[in-house]
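No value in this document is a laboratory result; all are computed from the given coordinates. Treat the numbers as computed from the prediction; the structure is a model and nothing was measured. Positions of Cβ are generated from backbone atoms using ideal geometry, with glycine treated the same way; all protein chains shown enter the neighbour counts.
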Amino acid sequence: MIIILRPDTDKNEPAYAKLMAYMEALPNISIRAHDEEGAEQTLTELYLVGNTKPLDTAEIEAHEVVDRVVRVSRDYRILGRHKNDDRDTHFEYNGVRFGQDNLQIFAGLCAVDNAEHVEIMMKALQESGLQCTRMGAYKPRTSPYSFQGHGKDCLSFVFELAGKYDIKVVSMEITHDAHIEEIQQALEAAGNPTGVMLQIGTRNTQNFELLKSVGRQKQFPILLKRGFGITLEESLNAAEYLASEGNRNVIFCLRGMKTNYGDPHRNLVDFSHVPTVKTLTRMPVCIDPSHSVGSRNMSPDGIMDIFHCTAQGVIAGANMVLVDFHPAPEKALVDGPQALRLDELPWFLEDIQIAREAYGKRCELQQQLTK
Ligand code: PEP
Ligand code: MN
C-alpha cells in the first residue's frame, strides 16, 4: 500500500506525528518513506510492507496529511502502475521532459573514439534540433582484447562539446559504481555544461550491487537496458531495485533478446513490449533499434531494417529512441556495421515523425470509438 501525503507535508506538524503513530501501531507492517523533491514541491510517499489487505483505506485517507492511498497490485511497488494509480508517468531532467506521453531521440556514438568525431556528431545534432545524445565511454566488450572505451579520459571533451552545441543530456553506460564519481567530477570540472543519463547495459541488468549504487544517487536519471536473456518480469524487477534505493527517474530500454530465432538480426526485436511495459509500469519506454538489428540491412523497399524497427516501436508509443550514428562508420571502433551515417539523420528523423503522427492518430481513433 502506498500512502501519498499532501505536497510539502511538514514532518514536524502534529498531524504527521498522529499518522505515524497510527501506522506504527499496525501489526506486522513496516513503513518506508520516500521523498521526491521537485522544483516546486516535495512529495512524500509512505510504503507499507506486510499484510496490508485488512487495512481500511478510508480510515487512512481521513488523516489530515494524507492526500490519497494507492493499493499495490504489482510487484513493482514504486515504478509499477497499480489500479487507480494516478501518480506521474514523467519526470524532467536538465530542462528535458521524459514521459510515457512524449518522445525523445538520443542519436550518437556507440563509443567515443576521438574529439573530432564527437564534435562532428554534436554539431549535426544541433543542426537537426536535437538536445540529447548517446556517447559510450565505458564499453563492456565480449573480448578482453577489444577496445574498452576511453573511460574517464574522454569525459572532459565530451561534456565540453555537448555544452558547446547545446546538448542537454548525454546517455552514457557505466559498468562500475566508481564511474559515477568520475562523471560527477568531470561534469563539475567542465562547469556542468550538460547533463548525463546513466545507462545500465544489458550485461549488467541483474548486477544488483551496481543497481543499488546507481539507485542511491539522485543526481542523474537512469536508462536501464532489458536483460537480453531474462524474462521481462526479471528486468522490470531490476528497474525496481533502482527506485527502491531512491531514484525513480528510470527509463526502461528494449534492445532485443539474444537468440538465433531472430537471425539475421543481431537480436530478436522485442518492441511489441513497448505497450506492455507502459501497462505494467509508469516508466517511459525506450527502444534501441541499433543493438536490436545490428546491421544496415535494407529491405527491397529501400528502407533499412533499423528504420523499420524504429517505426514499429514508435507507432506503438515508444518514448525514447537510442540509436547509433557515426560520421565515418567504417572507422568506428565499436559497432560500425550498425551505425547510421550523418547524412541519414534528417531522413531518420522524418521517418520517426511519420510513425509518431500515426501513433497520435491511432490514439485519436481510440478516443473517438470508445467515448
Ligand atoms: C550500448 O548501448 O552501447 C550497449 C552496449 O547496449 P546493450 O547493453 O544493449 O548491449
Ligand atoms: Mn554498441
In debye, nearest 20, what is the charge dipole magnitude of region 92-369 about its Cα centre with +1 on Lys and Arg Cβ and -1 on Asp and Glu Cβ, if you could check?
520
Exposure proxy check: CYS286, CYS309 ranked by fewest other beta carbons within 10 Å?
CYS309, CYS286
Relative to the present Cα-Cα distance, how much length would full extension add between SER143 and ALA178 at 0.36 nm per residue of separation?
10.4 nm
Within region 84-115, whose backbone N sits under 17 Å from a point 7 Å along Cα→Cβ of ASP8?
none
Quick calc: nm separation of the 7 Å Cα→Cβ label points for SER30 and LYS83 -> 2.7
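Per residue, how much space in cubic angstrom lies within the convex hull of the C-alpha atoms of the chain? Walk me through the numbers before you get to the answer.
Numbers: hull volume 59.8 nm³, N = 371.
With only Cα atoms used, the chain gives 161 Å³ per residue.
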Label GLN366 and ALA39 with points 7 Å out from Cα along Cα→Cβ: what is the distance between them in nm?
2.8
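Using 1/(1 + (r/R0)^6) with R0 = 56 angstrom and r between the beta carbons of ALA62 and GLU188, what's the FRET efficiency to the nearest 0.05?
Working: r = 47 Å, r/R0 = 0.84.
Efficiency computed from Cβ-Cβ geometry: 0.75.
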Once both axes come from the Cα atoms, what is the angle between helix 14-24 and the longest principal axis of the chain, in degrees from 0 to 90, rounded to 10?
90
Taking the chain as a Gaussian network, Cα atoms linked when under 10 Å apart, which of PRO140, PRO54, PRO289 shows the biggest mean-square fluctuation?
PRO54
Residues of region 318-349 with the amide nitrogen closer than 13 Å to a label point 7 Å from the Cα of GLU116, along Cα-to-Cβ, please.
327-328, 331-332
Taking THR370, THR202, THR279, THR57 and counting other beta carbon atoms within 10 angstrom, the fewest-first order is THR370, THR279, THR57, THR202
For helix 345-369, report the angle its Cα long axis makes with the longest principal axis of the Cα atoms of the chain; keep it between 0 and 90° and round to the nearest 10°.
40
For ALA17 and THR231 in one chain, what is 0.36 nm times their gap in residues minus the Cα-Cα distance, to one decimal in nm?
72.8 nm
Tilt, helix 115-127 to longest principal axis of the chain (alpha-carbon atoms), in degrees rounded to tens, equals 70
